[in-house]
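A short reminder: the numbers here are calculations on the coordinates, not readings from a lab. What you are looking at is a predicted structure, and each value in this text was computed from that prediction instead of being measured. For neighbour counting, all protein chains shown are included, and Cβ atoms are generated from backbone atoms with ideal geometry for every residue, glycine included.
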């Protein structure tokens, strides 16, 4: 593999990691507050559709982004209603919302555009533009560092930088603010939070809504940045890979960045090479597809460190039992 | 004292939940610009008013009975097996290997062989998540989701690189030999001058599905093992105190669950496609979740719910054909059923409980 290919691969890794990272941080907020969310996939999907649809009809990608976030937050609110207010099973609710998104997006897309569940291709201001970081062009000719800065780091859609900046922000919110302390506490020991006179319901709803916003950004990036349209099932299991990354990262923001970059790299590899040769061995593309899941199972099995989820995760909180 | 009489818990709550899901589905159809009653009429006409429609309805229902029972058995042990999809696909691999490489003299023997093979392969795919849950405490939901994806990649690899006949373009195995062709309803019930179930895929596997319902009922309510599974599902600590091994029950109930999901392949792969294709389970593993929730994890309920979903599936296909409404409508209905009978159960239950308490108070006063 020559240097040019490597640069392309890394550039593609950044793009593929972005939706994973946003969805993974979304799951981080929700699960740290004790609400399991296997509906990341559905939220991304519905956000992808509504962002593409609104961006197409208004010609403005930012209105599209807002619409995507709004759609995703609606699903989050239903999840909150089911799992916090009505103390239902969070996993079942997540499954239901994934199906809801998967069905509704195609139904509405077919009814509006009659293109087999796809939106028309976005052009001009309806798409996310590329951001050229300062001095990218001037530094391009510097050997080694130049191409990395100009091609790998610079020149992505703005939401890519939002995703990567969201990592330190998430860390700061969760580990350096009072809100973050309470949010983590409500995922470990909601009765303690309740005893301190803080509303468990409100905290958990806030976490679930933040999760919706981040999934919304992830979906909008997919349909206006990564691709210039919405296509049927376009998230293609990324919500589950993000979930895998979250477990791989043991519910911590910086590790989530590493996990998402790793899984994004695997996706980039699978796109670039159908079969990947390492010396005498040929790694089939299916192995790279399955690798994130296999790694997660290994982590879950506790063979490489132990992944311990937030203690009150998945349990509805009942006041004064 | 119970807040609600048993009949209300078993019948009234699910019925109201389904009603809400139905009303919302009707609204979705209306929003798509079609009269819901007209849509319903089209679905009934296509799925129930001719024998070939029934042939498809029962074929789909057979798939859903198996996957619904699979989810139910795991539910009784308080586990959520979301991996029916993967287990069914691996079950398909078992069926394909059994049909392609063993020279069966007659379909009946092949059916027995394929049944054992499908169940064994499905159970095997559920074994790893089960043992990880039992011994290492990794969450069964997450591991079974991961195993769905791993199964899809594995089947993809095997079909593309190993089992594809030379010169074949599609990722699929060769067609199974004629000897393992299962009798379809058309073969079984047509007479010379009256062809019934024409061209529809319903086959003898439907009766195996009914047997599976009875077997699961016997297992859960009439055997010691079933009692242990229910006790474990009710209270893990209680079960432990009574000398029931959590590891054993977790693994056994997941093996049974995986085997049932795997059995779906004799219907879909051996009965219908007669070769193994990509994504042979076609989402039936997930529909099993809706079916189990709706059927309250009881084999009779599962059977009825599977029939309903079979009807929806076939009716949905008719709608797609005649009214240009995409088949994804069924996915939306399925989502609403799961949401209201599963996650939003208390949304219906709490007001009802209050209602029953209020009437009872009036009665005693």
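Within a 10 angstrom radius of each residue's Cβ in B:155-166, how many Cβ atoms of other chains show up on average? Whole number is fine. Write down the numbers at each step before the final one.
Details: counts 1, 5, 6, 1, 1, 3, 3, 0, 0, 0, 0, 0.
The mean count of partner-chain Cβ atoms within 10 Å per residue comes to 2.
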Quiz item: What shape does chain B take by its C-alpha gyration tensor, where a ≥ b ≥ c are the square roots of the eigenvalues and a/c under 1.5 counts as rounded, a/b above b/c as prolate, and the rest as oblate?
Solution: oblate
Quiz item: Which whole number gives the average count of other chain Cβ atoms within 10 Å of the Cβ atoms across peptide B:128-141?
Solution: 4
Exercise. Per DSSP H run of n ≥ 4, the term is -39500 (n - 2.57); total these for chain B, divide by its residue number, and report the mean residue ellipticity at 222 nm rounded to 500 deg cm²/dmol.
Key: -23000 deg cm²/dmol
Quiz item: Residue separation times 0.36 nm, minus the C-alpha to C-alpha distance between residue A:303 and residue A:144: what's the value?
Solution: 53.5 nm
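Please say if the stretch B:1-107 is rounded, prolate or oblate, where rounded means a/c under 1.5 for a ≥ b ≥ c the square roots of the C-alpha gyration tensor eigenvalues, and otherwise the choice is prolate for a/b larger than b/c and oblate otherwise?
Working: a/c = 2.44, a/b = 1.31, b/c = 1.86.
Cα axes put the stretch B:1-107 in the oblate bin.
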Quiz prompt | Cα radius of gyration and Dmax for chain A (Å) | solution = 20.1, 67
Practice problem: Pairs of Cα atoms under 8 Å, at least six residues apart: use those to get the relative contact order of the stretch A:1-152, whole percent. | Solution: 25
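Please average, across the residues of A:143-153, the number of beta carbons from any other chain that are within 10 Å of each residue's own beta carbon, and give a whole number.
Values: counts 0, 0, 0, 0, 0, 0, 0, 0, 0, 0, 0.
Average per residue, whole number: 0.
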Exercise. Arrange the following residues from fewest to most other Cβ atoms within 10 Å of their Cβ: A:221, A:240.
Key: A:240, A:221
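Within 10 Å of each residue's Cβ, count the other Cβ atoms and sort B:349, A:32 from fewest upward. Could you put the intermediate results ahead of the total?
Working: B:349 19, A:32 26.
If I rank by nearby Cβ atoms, fewest first, I get B:349, A:32.
Using alpha-carbon pairs under 8 Å, 6+ residues apart, how would you state the relative contact order of chain B in percent?
Numbers: 622 pairs, mean separation 123.5, N = 365.
Computed over chain B, the figure is 34 percent.
So how do A:174, A:133 line up by other beta-carbon neighbours within 10 Å, fewest first?
Values: A:174 20, A:133 14.
Taking fewest neighbouring Cβ atoms as first place, the list is A:133, A:174.
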Quiz item: Can you give the FRET efficiency for residue B:7 and residue A:133, using 1/(1 + (r/R0)^6), R0 = 56 Å, r = Cβ-Cβ distance, to the nearest 0.05?
Solution: 0.25
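Rounded, prolate or oblate: pick one for the stretch A:76-197, where a ≥ b ≥ c are the square roots of the eigenvalues of its C-alpha gyration tensor, a/c under 1.5 means rounded, and failing that, prolate if a/b is larger than b/c, else oblate.
Cα axes put the stretch A:76-197 in the oblate bin.
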Practice problem: Along Cα→Cβ, 7 Å out, is where each label goes; now give me the distance between the ones at residue B:179 and residue B:162 in nm to one decimal. | Solution: 2.3
Quiz item: How long is the stretch A:61-119 along each principal axis, judged by its Cα atoms, biggest number first, in Å?
Solution: 39, 25, 13
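For chain A, what is the mean residue ellipticity at 222 nm derived from helices alone (per DSSP H run of n ≥ 4: -39500 (n - 2.57); sum divided by total residues; nearest 500 deg cm²/dmol)?
Details: 12 runs with 202 residues, N = 321.
That calculation yields -21000 deg cm²/dmol at 222 nm.
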